[in-house]
Amino acid sequence: MAWLRKLQNTPGGAEGGLAWHTPDDVVEVEDDLATALLAIPGAGFLSVPAPTAAPVPEKEPEEQAEDVDSKPAKKTAASKTAAAKVQVQE
């Protein structure tokens, strides 16, 4: 397998549903098709190394809590008057 970038005539595509939407797109292509695409004069294909996965930034703990529950927790307090009305049995 080869990785190709299309520097000219974008957006563009190739057989098998392959598509390059911007000159920055890198697409994995079968070796035979890559050889054929690279041989097309003026098509703008360039063989490039396989892309490396960019590290995903971790969220701050505060942001993670907000994602789980977007609504603030309701605080309920016992009413002092309600406690005073309760009769204690001895």
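Here, each number is a calculation from the coordinates, and none is a lab measurement. Source: prediction; values computed, not measured. Positions of Cβ are generated from backbone atoms using ideal geometry, with glycine treated the same way; all protein chains shown enter the neighbour counts.
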Stretchable slack from Val26 to Ile40, in nm (0.36 nm times residue separation minus alpha-carbon distance): 3.3 nm
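To the nearest 20 debye, what charge dipole does the range 2-48 have about its Cα centre, counting +1 at the Cβ of each Lys and Arg and -1 at the Cβ of each Asp and Glu?
Values: 2 positive and 7 negative charges, 47 e Å.
The dipole of the range 2-48 has a size of about 220 debye.
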Amide N proximity, the range 6-23 versus Leu33 label position 7 Å along Cα-to-Cβ, cut-off under 11 Å: 13-20
Counted charge near Leu33, where neighbours are those whose Cβ lies closer than 14 Å (Asp, Glu -1; Lys, Arg +1): -4
5 angstrom amide H check on Phe45, placed H, neighbours 5+ away: Leu7
